[in-house]
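Peer 1: Submitted below is the structure of interest, expressed as structure tokens.
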Amino acid sequence: MKEDILKEIEKYAEENNVPIMQKKGINFLCKFIEKNEIKIILEIGTAIGYSSIKMALVNKDINIVSIERDQDKYIEALKNIKKMKLEKRITLILGDALNINLDGKFDMLFIDAAKSQYTKFFKKYEKNLKEDGVIVSDNMSFHGLTDEVDKIENKNLRQLVTKINKYKEFLINNKKYTTKFYKIGDGIAITYRKDLDNE
Ligand code: SAH
Ligand code: MG
């Protein structure tokens, strides 16, 4: 039953070009969540609720707050979460993540929204990360384009991919954090706070 609903969501995403996480990527992320006993997650970019639902299904102790700026997607996500009976553990917020202020502290921040704004999301929400929290960023390969910027002819696309590369540099050069990049799904970065005492 639950599997059927998930299949329907995947089908809907494909038919409507909703860029939900790739299967290998979400499976990797779910294992990471399980292994690291992550309990409370802030997601930026709900779309239709697919990744929220998959993450919430890892185990019953997991709670998620997820932000989506597109009203139609937000409504679709609400429907899907209700169908899965996960509305007690997944809280959706409608609005632009750059205009919202949250006080809570999270074990994990999952950035999967407008690719040109990742650095802004990171800087805005790092204060909501627990001391030992992690920041996960999706689409770090952007369909393999991040390694081939010079070959991209479309100007807007080239600018977007350049912004993703700038975010990657921001992560690599950030003195407070260490980042590991995984070539899984569309490319996933996992960023940890450095233990400054041990430096
Ligand atoms: N995490 C989802 C996919 C998200 S797709 C999954 O894997 O199932 C990216 C979504 O981010 C889109 O629905 C888009 O509307 C939303 N988005 C982009 N910029 C945003 C912003 N500034 N604030 C909130 N949502 C944003
Ligand atoms: Mg993504």
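The values are calculated or read from the model by the stated rules, or taken from the named source; none is laboratory data. Only a predicted model underlies this, so the values are computations on that prediction, with no experimental measurement involved. Cβ sites come from the backbone with ideal geometry, for glycine too, and all protein chains shown count toward neighbours. In case anyone asks, the SASA skips ligands and DNA or RNA and just uses the protein heavy atoms, side chains included. Shrake-Rupley method; radii C 1.70, N 1.55, O 1.52, S 1.80 Å.
Peer 1: It is to be established whether one or more residues within region 1-17 are at pLDDT 95 or above and within 12 Å of the chain's Cα centre (by Cα). Quick ask: steps written out before the conclusion?
Peer 2: Within region 1-17, the first condition is being at pLDDT 95 or above, and the residues that meet it are 4-17.
Next, from what is left, pick out any that are within 12 Å of the chain's Cα centre (by Cα): none.
No, region 1-17 contains no residue that is at pLDDT 95 or above and within 12 Å of the chain's Cα centre (by Cα).
Peer 1: Please go through region 125-142 and pick out each residue that is of a type in the set (Ser, Thr, Tyr) and within 16 Å of ligand 2 (Cβ to nearest atom). Can you show your working first?
Peer 2: As a first pass, look at region 125-142 and keep what is of a type in the set (Ser, Thr, Tyr): 125, 137, 141.
137, 141 - these are the residues of region 125-142 that are of a type in the set (Ser, Thr, Tyr) and within 16 Å of ligand 2 (Cβ to nearest atom).
Peer 1: Further question: Taking the condition of being surrounded by fewer than 16 Cβ atoms within 10 Å (Cβ to Cβ) and closer than 30 Å to residue 103 by Cβ, how many residues in region 131-162 meet it?
Peer 2: Number of matching residues: 2.
Quick grid of which residues meet (1) at pLDDT 95 or above; (2) within 15 Å of residue 190 (Cβ to Cβ):
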| residue | (1), (2) |
| --- | --- |
| 90 | yes, no |
| 95 | yes, no |
| 111 | yes, yes |
| 123 | yes, no |
| 131 | no, no |
| 137 | yes, yes |
| 142 | no, no |
| 151 | no, no |
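Peer 1: Quick check on region 10-32: of everything there that is touching a Lys or Arg at 6+ places or on another chain (Cβ under 9 Å), touching a residue at least 40 places away in the same chain (Cβ under 8 Å) and assigned to a helix (DSSP H, G or I), which residue is farthest from residue 183 (Cα to Cα)?
Peer 2: 10
Peer 1: Looking for whichever is within 16 Å of ligand 2 (Cβ to nearest atom) and touching a residue at least 24 places away in the same chain (Cβ under 8 Å) here; the options are 160, 145. Which one fits?
Peer 2: Details: 145 fails: touching a residue at least 24 places away in the same chain (Cβ under 8 Å).
Answer to the selection: 160.
Peer 1: Does residue 20 count as touching a Phe, Trp or Tyr at 6+ places or on another chain (Cβ under 9 Å) and within 24 Å of residue 133 (Cα to Cα)?
Peer 2: Numbers: touching a Phe, Trp or Tyr at 6+ places or on another chain (Cβ under 9 Å): yes; within 24 Å of residue 133 (Cα to Cα): yes.
For residue 20, the condition - touching a Phe, Trp or Tyr at 6+ places or on another chain (Cβ under 9 Å) and within 24 Å of residue 133 (Cα to Cα) - is met.
Peer 1: Considering every residue within region 102-117, establish whether at least one is of a type in the set (Ser, Thr, Tyr) and in contact with a strand residue (DSSP E or B) (Cβ under 7 Å, 6 or more places away or on another chain). Show your work before the answer.
Peer 2: Restricting attention to region 102-117, the residues satisfying the condition of being of a type in the set (Ser, Thr, Tyr) are 116.
Still in the running and in contact with a strand residue (DSSP E or B) (Cβ under 7 Å, 6 or more places away or on another chain): none.
No.
Peer 1: Assuming residue 75 fulfils every condition listed in (1) within 15 Å of ligand 2 (Cβ to nearest atom); (2) in a helix (DSSP H, G or I) apart from one, which condition is it?
Peer 2: That leaves (1) as the condition not met.
Peer 1: Within region 49-68, restricting attention to residues that are of a type in the set (Gly, Ala, Ser) and within 14 Å of ligand 2 (Cβ to nearest atom), which residue is surrounded by the fewest Cβ atoms within 10 Å (Cβ to Cβ)? Can you show your working first?
Peer 2: Looking only at region 49-68, we keep the residues that are of a type in the set (Gly, Ala, Ser), and these are 49, 51-52, 56, 66.
Narrowing further to those that are within 14 Å of ligand 2 (Cβ to nearest atom): 49, 51-52, 66.
Numbers: 49: 29, 51: 24, 52: 29, 66: 26.
Across region 49-68, the extreme among qualifying residues is 51.
Peer 1: Sticking with this one: Please specify each residue of region 33-48 satisfying the condition of being in a helix (DSSP H, G or I), open to solvent by 20 Å² or more (accessible area, probe 1.4 Å) and either of a type outside the set (Lys, Arg) or within 15 Å of ligand 2 (Cβ to nearest atom) (or both). So that I can check it myself, show each step before the final result.
Peer 2: Quick first cut of region 33-48, residues in a helix (DSSP H, G or I) only: 33-35.
Of the ones still in play, those that are also open to solvent by 20 Å² or more (accessible area, probe 1.4 Å) are 34-35.
If the condition is that a residue be in a helix (DSSP H, G or I), open to solvent by 20 Å² or more (accessible area, probe 1.4 Å) and either of a type outside the set (Lys, Arg) or within 15 Å of ligand 2 (Cβ to nearest atom) (or both), then 34 is the only one that fits.
Peer 1: Condition check: open to solvent by 10 Å² or more (accessible area, probe 1.4 Å) and in contact with a Gly (Cβ under 7 Å, 6 or more places away or on another chain). Does residue 77 satisfy that? Explain how you work it out, then say what you get.
Peer 2: Working: open to solvent by 10 Å² or more (accessible area, probe 1.4 Å): no; in contact with a Gly (Cβ under 7 Å, 6 or more places away or on another chain): yes.
So residue 77 fails the test.
Peer 1: Got a number for residues in region 98-116 being within 16 Å of ligand 2 (Cβ to nearest atom) and not small (Gly, Ala, Ser)? Before you say what the answer is, go through the steps one by one.
Peer 2: Residues of region 98-116 within 16 Å of ligand 2 (Cβ to nearest atom): 108-116.
Then drop every residue that is not not small (Gly, Ala, Ser), which leaves 108-112, 115.
Number of matching residues: 6.
Peer 1: Which ranges mark the strands (runs of 3 or more DSSP E) fully within region 100-199 that have 1 or more residues being within 16 Å of ligand 1 (Cβ to nearest atom) and of a type in the set (A, V, I, L, M)? Before you say what the answer is, go through the steps one by one.
Peer 2: Values: elements: 106-111, 129-138, 177-182, 188-193.
It comes to 106-111, 129-138, 188-193.
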